[in-house]
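Undergrad: Below is a structure I'd like to ask you about.
The values are calculated or read from the model by the stated rules, or taken from the named source; none is laboratory data. If you're wondering where the values come from, they're calculated on a predicted model, not measured in any experiment. Using ideal geometry, Cβ is built from the backbone for each residue, glycine included, and neighbour counts are taken over all protein chains shown. Only protein heavy atoms, including side chains, enter the accessible area calculation; ligands, DNA and RNA are left aside. Shrake-Rupley method; radii C 1.70, N 1.55, O 1.52, S 1.80 Å.
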Amino acid sequence: MKGSKSHELEADVPAAELWKVYGTLRFVELVHQLLPQVLHQVDVVRGDGGVGTVIQVTFPPGNPGPQSYQEEFVKIDNENRVKEAAAIEGDILNLGFTTYVTRFEIIEKGPGSSVIRSTVEYGFDDGRPELEGAASTAPLAAAAETIVKHVKEQAKTAEASS
């Protein structure tokens, strides 16, 4: 069985500024730094942030669900501002998901506004319907709100110092 869940957040931040975070390793670094209750640790297993980069994601101890997994960046489209990462080993797949792909799309709405669309696409065996509820965009939604706030704060700091 296959499914997907999406979350969209409108932001009064230019798409290019958001992509500087989402299109790089800076995204996971910031989520780890600013939302330690969502992401306990991130380690680069291999790569420099481009396609083929593998990261080890560890969730906070005591959180229900997966504790850690590895994902590989399988698509980074700088022109269209799309990034995809696929789970390649660890607890997400051990739960019973056969595929688990996270996609971020930064959509330009105007010169100073954009939409962050976060999508989780997943597959699992038909005999495991409970996995439908385990797939969630909640951490991605929290990350989007935090990243927007951070980018806006950085812009204010840069403006004040110039």
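Undergrad: With θ set to phi - 60° and the Karplus curve 6.51 cos²θ - 1.76 cosθ + 1.60, what are the ³J(HN,Hα) couplings of region 56-71 in order, to the nearest whole Hz, using x for Gly and Pro?
TA: 9, 9, 10, 8, x, x, x, 5, x, x, x, 9, 7, 6, 10, 10
Undergrad: For the chain, what is the Kirkwood hydrodynamic radius in Å, using each pair of distinct C-alpha atoms?
TA: Computed over the chain, the radius equals 16.3 Å.
Undergrad: Right, something else. What whole-number distance in Å separates the alpha-carbon centres of region 122-142 and region 1-18?
TA: 18
Undergrad: So, one more: Return the carbon/sulfur percentage of the accessible area of region 2-161, one whole number, probe 1.4 Å, all protein chains in place.
TA: 49
Undergrad: Additional query: At a Förster radius of 22 Å, what calculated FRET efficiency corresponds to the Cβ-Cβ distance of residue 128 and residue 4, to the nearest 0.05?
TA: Computed FRET efficiency for residue 128 and residue 4: 0.85.
Undergrad: What is region 68-162's relative contact order, in percent, from Cα pairs under 8 angstrom and six or more apart in sequence?
TA: Relative contact order here is 18 percent.
Undergrad: Right, next: Averaged per residue, what accessible area in Å² does region 2-161 show with a 1.4 Å probe, protein chains only? Let's see the in-between values first.
TA: Details: 8200 Å² over 160 residues.
On a per-residue basis, region 2-161 sits at 51 Å².
Undergrad: Rounded to the nearest Å, what's the spacing between the alpha carbon centres of region 89-112 and region 30-67? Just the number, please.
TA: 13
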